[in-house]
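Since the structure comes first, as structure tokens, the remarks are kept for the end.
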Amino acid sequence: MSNEWWRTAAIYQVYVRSFADANGDGIGDLPGVRAKLDYLVDLGVDAVWLTPFYTSPMADGGYDVADYRDVDPIFGELSDAEALIDEAHERGLRVIVDVVPNHTSSKHPWFVEALAAEPGSPARERYIFRDGRDGGPPNDWESIFGGPAWTQVPDGQWYLHLFDSAQPDLNWQNPEVREEFDSILRFWLDRGVDGFRIDVAHGMVKADGLPDAACTGQAKLLTTRQLPYFDQDGVHEIYREWRRILDSYPDERIGVAEAWVPNAERLARYLRPDELHQAFNFHFLEADWSASTFRKVIDESLEAVSGVNAPSTWVLSNHDVQRHVTRYGGGELGLRRARAAALLTLSLPGSVYVYQGEELGLPEVTDLPEEVLADPTWKRSGHTDRGRDGCRVPLPWSGTEPPFGFGGPAWLPQPADWGSLTVEVQQDDPESILSLYREALRQRRDLPAEEFTWRDAPEGVLAFHRGETFVCTVNLSSSPVTMDRPGSVRLASCPSSELDSAGDTVTLPPNSAVWWSGDVDG
Ligand code: NOJ
Ligand code: CA
């Protein structure tokens with residue numbers, strides 16, 4: 001297996017619950033993923049990241065883990081996970097699994113024990129229990145899902161949960177917690193996983209004394225300011241220890257940080273040579289559709305990682321954010337921009353993440369009936385924020401009506417008009433977004449690993465080259481833009497009939513991207 005595979009890898013995110021349902025109960029499962037591995041090989045990705053499939057009461061879609069070493073019955077059995085890892089490897093696909101170290105489920109045996117134990121007892125010391133202040137919670141921290149981050153237990157103490165009350169935060173000052181996670185990492189590494197996506201990687205260590213955040217609306221401030229429970233320097237010590245564990249296994253096992261931090265420079269701290277390999281670039285995901293915004297984020301991302309010799313990652317969507325077809329305007333415009341964004345993203349230097357369904361151009365489902373909403377945000381926000389279910393609707397694979405080959409009737413209902421978006425319909429259509437992703441992922445393999453240089457371009461257009469012959473142009477403006485033609489077209493996000501060439505110039509239609517073969521110096 002090649003050296004430093006993660007520097008350029010295209011990694012496909014499988015949200016297991018919504019990918020493919022093998023036993024027909026309407027919930028995606030590990031046998032379903034096994035059955036679709038060849039689809040991922042055909043798509044041309046290098047690795048899959050599986051969201052949590054561990055034993056869980058599903059208070060937060062499996063990010064509330066009750067047993068880190070077993071598979072929840074709704075997803076299959078431990079032997080399915082083992083078989084999935086082996087079968088992926090046989091096909092040359094690497095496998096990254098989620099690890100959720102910031103909090104456990106409230107049904108985890110440790111928390112059950114803590115609730116039954118006395119204040120101050122060793123069982124409580126595995127979590128963050130405190131006495132209240134002035135009859136209320138110990139401080140002003142807010143849950144990311146809404147409401148206070150503290151819940152009171154019958155003996156009067158409060159426990160911290162930065163997310164749902166069914167997700168108590170662990171106490172990472174306690175060596176027992178650290179040892180337990182070292183052992184959990186080894187459990188999965190011994191089964192052959194190629195790495196871990198680390199949930200809330202910026203959250204495990206809290207500021208000494210748990211000081212007030214002194215502001216409200218904290219969940220909205222994650223990427224803009226420092227909060228006393230996020231991005232504390234102490235987390236880095238944990239990653240240095242984890243890196244030693246990863247490096248003690250052959251074939252480059254990696255750690256990927258899910259870290260919401262204020263800027264690219266803070267993010268790069270997670271990627272120092274003795275820490276993690278990658279971190280999700282949420283600043284790129286948050287960029288609005290404008291050439292200047294994208295250019296700024298790309299520059300800041302590349303500059304920050306170059307200081308630590310790490311690759312940048314490029315992420316457009318995941319299971320926590322509105323799907324980017326919708327974010328970029330929805331409908332035909334959104335899809336057109338998503339196609340252009342795919343060519344931009346897939347040609348930047350570093351590693352790229354593809355969230356299941358983005359290769360099908362799926363939009364956010366905004367009209368799910370209230371009674372099916374499962375994201376705890378819906379309840380915790382007092383039914384004001386519908387949460388993240390709209391990007392988690394099961395994939396349409398085939399057929400003309402729901403569940404579109406997914407399996408049983410999908411746990412979140414699919415829109416009736418998704419028949420035109422199925423894999424079956426798109427795979428034989430050379431104009432489909434699925435075909436665009438496949439071809440782009442195929443061509444991407446030939447790009448030089450690191451070189452990247454901006455080229456002069458008219459306003460509203462981004463242009464860069466990689467190596468001697470590869471040029472990418474993206475017209476993010478809403479008007480056609482004429483510029484010198486960089487070469488011959490390798491791949492375009494729009495129909496090639498829309499690219500108007502005259503002499504040495506080309507007119508790029510709005511919201512489109514083109515990959516060119518050209519002589520970079522010419
Ligand atoms: C980030 C995960 O991606 C999200 O789905 C989850 O709700 C939170 N972390 C809490 O674990
Ligand atoms: Ca199932």
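Since every read-out is calculated from the coordinates, none of them should be taken as a lab result. On a predicted model such as this, the values are computed, not experimentally measured, just so you know. Heads up, the Cβs are rebuilt from the backbone with ideal geometry, glycines too, and the neighbour counts pull from every protein chain shown.
Listing for the model above:
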| quantity | calculated |
| --- | --- |
| Of all residues in segment 28-42 being more than 16 Å from ligand 1 (Cβ to nearest atom) and in contact with a Lys or Arg (Cβ under 6 Å, 6 or more places away or on another chain), the one that is farthest from Pro413 (Cα to Cα) | Val41 |
| Hey, Trp6 within 16 Å of ligand 1 (Cβ to nearest atom) and under 30 Å from Ser306 (Cα atoms) or not | no |
| Ala88 being in contact (Cβ under 8 Å) with a residue 40 or more places away in the chain, buried (at least 22 other Cβ atoms within 10 Å of the Cβ), within 16 Å of ligand 2 (Cβ to nearest atom) and in a helix (DSSP H, G or I) | no |
| Helices (runs of 4 or more DSSP H) wholly inside segment 211-321 that include at least 2 residues being more than 30 Å from Arg186 (Cβ to Cβ) | 264-268, 282-286, 291-306 |
| Residue tally, condition charged (D, E, K, R), touching a helix residue (DSSP H, G or I) at 6+ places or on another chain (Cβ under 9 Å) and free of Cβ contacts under 8 Å to residues at least 60 places away in the same chain, over segment 314-357 | 1 |
| Ala440 being outside any helix (DSSP H, G or I), among the small types (Gly, Ala, Ser) and surrounded by 12 or more Cβ atoms within 10 Å (Cβ to Cβ) | no |
| Residue in segment 1-21 that is of a type outside the set (Phe, Trp, Tyr), more than 29 Å from Ile238 (Cβ to Cβ), surrounded by 21 or more Cβ atoms within 10 Å (Cβ to Cβ) and without any contact (Cβ under 8 Å) to a residue 60 or more places away in the chain present | no |
| Pair list, Cβ under 9 Å, 6 or more apart: segment 200-222 residue surrounded by 20 or more Cβ atoms within 10 Å (Cβ to Cβ), other residue basic (Lys, Arg) | His202/Arg266 |
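Conditions tested, residue by residue: (1) within 16 Å of ligand 1 (Cβ to nearest atom); (2) among the polar types (S, T, N, Q); (3) in a loop (DSSP other than H, G, I, E, B).
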{"site": "Gly329", "(1), (2), (3)": "no, no, yes"}
{"site": "Leu333", "(1), (2), (3)": "no, no, no"}
{"site": "Thr345", "(1), (2), (3)": "no, yes, no"}
{"site": "Pro363", "(1), (2), (3)": "no, no, yes"}
{"site": "Asp367", "(1), (2), (3)": "no, no, yes"}
{"site": "Glu371", "(1), (2), (3)": "no, no, no"}
{"site": "Arg386", "(1), (2), (3)": "yes, no, yes"}
